[in-house]
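The structure under discussion appears below in the form of structure tokens.
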Amino acid sequence: MSISIPQLPKGTRDFYPEAERIQNYIFDTWRSVAESFAYEEYEGPMFEHLELYTGKSGEEIVSQLYNFKDKGDREIALRPEMTPTLARLVIQKARELKKPFKWFSMPRLFRYEKAQKGRLREFFQLNMDIIGTESIYAEADLMAAIATMLRKFGLKDGEFAIGVSSRKLLATYLEEIGAPNPALVYPVLDRRLKIGPEAFAKALADAGLSEDQVKKLDDFMSCKSIEEVKTKVHSENATAALAEIEDLFATLTAAGYGECVNMDLSIVRGLAYYTGIVFEVFDKGKSMRAIAGGGRYDSLTEKLGGERIPGVGFGMGDVVLADLLAEHNLLPSPKQSVDFYIASFTNDMKKVFETAQVFRCASSSKEGGKPFSVAHPLAAMKMGKQLDQANYQGAKIVVYVDGSKAAAGEFEYKDMRTGEMFVGNTEAIVERLKA
């Protein structure tokens with residue numbers, strides 16, 4: 001009887017060590033920038049009660065989830081996004097949490113949808129949120145963090161753009177032109193650039209808009225500057241929404257991020273819970289899906305049964321980001337790199353293990369730091385094979401535990417970066433590594 005070879009589930013990935021090193025580079029950069037902006041890390045369960053998602057997005061969301069009944073006959077779903085979990089956490093301790101606060105998380109998420117380039121069924125996503133303030137400076141802080149993060153990955157300002165729009169502004173304009181049911185319009189507007197002019201006009205007509213209203217709305221969404229928008233809107237609410245965007249842009253410009261943001265009214269974000277500023281981040285030519293996206297959701301906790309607590313945040317997926325960095329040759333080498341390889345001419349394994357521990361415990365700085373990475377053979381082998389292994393593992397320095405030219409307390413060692421041989425004690429070898 002033949003045994004079939006196990007297959008990878010569709011829309012998921014394996015992370016062999018080379019791929020995991022790339023993944024950890026992304027995670028480390030996400031975390032270091034988030035922490036530099038004083039965000040605190042949090043986590044939640046990988047699955048939630050199904051009603052947490054249907055309560056936010058309606059029953060239609062179920063078709064996009066991995067959901068099941070557990071052994072207690074409870075309806076459960078693997079988390080497709082982090083915002084509902086965050087909202088639940090906030091609701092549960094609403095009175096105890098000192099507001100405003102800034103949190104971030106890097107969850108593994110699951111969506112049951114067609115797997116395609118830039119969009120998988122299982123993925124990781126950076127989430128950064130500010131809870132407890134309606135101030136536009138919360139949006140400014142998040143966008144500054146995004147720009148800082150993409151710069152740290154090596155992208156230049158002209159290679160990405162944070163497009164900014166406003167659901168508040170759009171709502172006031174829909175009211176001005178007399179749109180009968182804005183809730184039906186938002187999902188259509190979110191697909192505007194994906195479905196073509198004719199399909200867009202038909203979808204809006206199906207949502208109850210007249211031909212004249214469709215034209216006005218299309219013209220409005222084509223505006224590229226605040227000045228252009230001012231010629232289209234007239235209400236006091238629209239003026240207030242525009243002033244908010246002007247303040248946002250002025251703040252980011254003052255902080256050195258002016259080249260990273262622009263007005264883009266084609267950004268709507270399909271989710272119904274957004275209430276104010278919405279934004280998406282694209283590569284310069286919009287050749288990929290959005291790198292990140294988010295917005296203000298001041299009513300979400302109220303919608304899920306808690307008190308009204310304002311919030312704003314974004315998600316940045318690892319899949320599109322990695323594709324973009326690869327396109328710009330900005331991903332680090334996936335090869336392993338260790339600091340020391342401990343070798344022995346006589347295969348004295350006890351001495352090898354003893355010396356390896358000495359180097360692991362040697363601090364990488366006077367104040368203490370990350371332990372050095374140290375490799376060594378796990379069985380007796382000829383020196384040639386040990387050096388082959390040291391090369392394969394990317395060792396910077398090979399330390400010989402029993403070289404004949406070393407005095408007591410010293411080692412012969414080879415700097416693999418230059419090919420030079422030296423003799424010295426542990427401290428001298430550590431200094432050579434750092435040099």
Any residue at all in segment 291-304 that is touching a residue at least 24 places away in the same chain (Cβ under 8 Å), of a type outside the set (Gly, Ala, Ser) and open to solvent by 50 Å² or more (accessible area, probe 1.4 Å)? yes
One residue is enough: does segment 232-243 have a residue meeting the conditions modelled with pLDDT under 85 and open to solvent by 10 Å² or more (accessible area, probe 1.4 Å)? yes
Among all residue pairs at least 6 apart or on different chains, which show Cβ distances below 8 Å where the first residue, located in segment 32-49, is within 18 Å of PHE124 (Cβ to Cβ) and open to solvent by 40 Å² or more (accessible area, probe 1.4 Å) and the second is in a helix (DSSP H, G or I) and among the small types (Gly, Ala, Ser)? GLU41/ALA34
If you go through segment 114-130 one residue at a time, do you hit one that is in contact with a His (Cβ under 8 Å, 6 or more places away or on another chain) and either of a type in the set (D, E, K, R) or under 12 Å from GLY313 (Cα atoms) (or both)? no
List every residue pair whose Cβ atoms lie under 6 Å apart, where the two residues are 6 or more positions apart in sequence or sit on different chains, the first residue falls within segment 174-192 and is over 19 Å from VAL233 (Cβ atoms) and in contact (Cβ under 8 Å) with a residue 40 or more places away in the chain, and the second residue, located anywhere, is outside any helix (DSSP H, G or I) and not small (Gly, Ala, Ser). ASP190/VAL268
For segment 64-76, does any single residue satisfy the condition of being in contact (Cβ under 8 Å) with a residue 12 or more places away in the chain, within 15 Å of the chain's Cα centre (by Cα), open to solvent by less than 50 Å² (accessible area, probe 1.4 Å) and within 28 Å of GLU20 (Cα to Cα)? no
Looking at (1) free of Cβ contacts under 8 Å to residues at least 60 places away in the same chain; (2) assigned to a helix (DSSP H, G or I); (3) open to solvent by 30 Å² or more (accessible area, probe 1.4 Å), which is the only condition LYS168 fails? (1)
Qualifying residues in segment 82-113 (those that are open to solvent by less than 20 Å² (accessible area, probe 1.4 Å) and part of a loop (DSSP other than H, G, I, E, B)) - the one farthest from TYR39 (Cα to Cα): ALA94
Determine which member of the set LEU248, LEU209 is in a loop (DSSP other than H, G, I, E, B), crowded, with 20+ Cβ neighbours inside 10 Å and of a type in the set (A, V, I, L, M). LEU209
Being touching a Gly at 6+ places or on another chain (Cβ under 8 Å), within 18 Å of THR172 (Cβ to Cβ) and acidic (Asp, Glu) narrows ASP298, ASP218 down to just ASP298
Given (1) out of contact with any Lys or Arg (no Cβ under 7 Å at 6 or more places or on another chain); (2) surrounded by 14 or more Cβ atoms within 10 Å (Cβ to Cβ), where does GLU159 come up short, assuming only one miss? (1)
Could you check segment 400-435 and list, in sequence order, the residues that are part of a helix (DSSP H, G or I), touching a residue at least 24 places away in the same chain (Cβ under 8 Å) and open to solvent by less than 50 Å² (accessible area, probe 1.4 Å)? THR426, ILE429, VAL430, LEU433
Among the candidates ALA241, ALA255, single out the residue that is in contact (Cβ under 8 Å) with a residue 40 or more places away in the chain, small (Gly, Ala, Ser) and in contact with a strand residue (DSSP E or B) (Cβ under 7 Å, 6 or more places away or on another chain). ALA241
Is at least one residue of segment 217-231 assigned to a loop (DSSP other than H, G, I, E, B), modelled with pLDDT of 85 or more and farther than 27 Å from ALA292 by Cβ? yes
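The values are calculated or read from the model by the stated rules, or taken from the named source; none is laboratory data. Keep in mind it's a predicted model, so treat the numbers as computed, not measured. Methodologically, a virtual Cβ is constructed for each residue, glycine included, from the backbone with ideal geometry; neighbour enumeration extends over all protein chains shown. Surface accessibility is based on the protein's heavy atoms, side chains included, excluding ligands, DNA and RNA. Shrake-Rupley method; radii C 1.70, N 1.55, O 1.52, S 1.80 Å.
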